[in-house]
Amino acid sequence: MSPGFETGNGTLNHSLGLETKESAMFAHKLSMYLKNDGALAFKNKIEGDIIPLLRKQKGFLQEITFLYLNGREVHAFSLWESAEHAEVYNRKAYPEVVRMLASVIEGAPLVQTYEVLNSTIPKSVAAVSA
């Protein structure tokens, strides 16, 4: 298991140095650059291919994608119920996501995983996806 995700007693919030008994939500962030004039094709791939794939993954909660004003820099965040769900996605579905995006991005995305400290996503959304 990746360091800083789950411990035997719960999750470890490294930035605060606290351990909690409840599961923490996790975010998987992809940072990438689009090919020239690729914003529309990227948007279509996200809506038509990526989001449907994510919705099939256990523990998936939300996806939000930001396009920088220059029209080429993109940051996509997927939110997951737990570190375990984020890791399973990373091992099993993420390679497929990269393959789907290959025609619209330059190079490989930079991947980062975060523990979510706070969110306005209602707890009922998380319960429905379980």
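The 3J(HN,Hα) values that the Karplus relation (6.51, -1.76, 1.60; θ = phi - 60°) gives for the range 83-99 are, in residue order, 4, 4, 4, 4, 5, 5, 4, 4, 7, 9, 9, 4, x, 5, 4, 4, 4 Hz. Gly and Pro appear as x. Backbone phi angles across the range 104-111, fed through the Karplus curve with coefficients 6.51, -1.76 and 1.60 (θ = phi - 60°), yield HN-Hα couplings of 10, 10, 9, x, 9, x, 8, 10 Hz in residue order; Gly and Pro are listed as x. For the range 67-74, putting each phi into the Karplus relation 6.51 cos²θ - 1.76 cosθ + 1.60 with θ = phi - 60° gives couplings of 10, 5, 4, 6, x, 10, 8, 10 Hz, in residue order, rounded to whole numbers and with x for Gly and Pro. Full extension of the chain segment joining residue 43 with residue 90 gains 14.8 nm, where the gain is 0.36 nm per residue of separation less the Cα-Cα distance. Close amide H partners of residue 25, meaning residues 5 or more places away or on another chain with modelled amide H under 5 Å apart, are 116. You can think of it this way: the chain between residue 70 and residue 113 has 13.0 nm of extra reach, that is 0.36 nm per residue less the Cα-Cα gap. Exceedance of the 20 Å cut-off in Cα-Cα distance is limited, within the set 35/56; 58/92; 29/58, to 35/56.
Values quoted throughout were computed directly from the atomic coordinates according to the rules given, and no laboratory measurement underlies them. Worth saying up front: this structure is predicted, and the values here are computed from it rather than measured.
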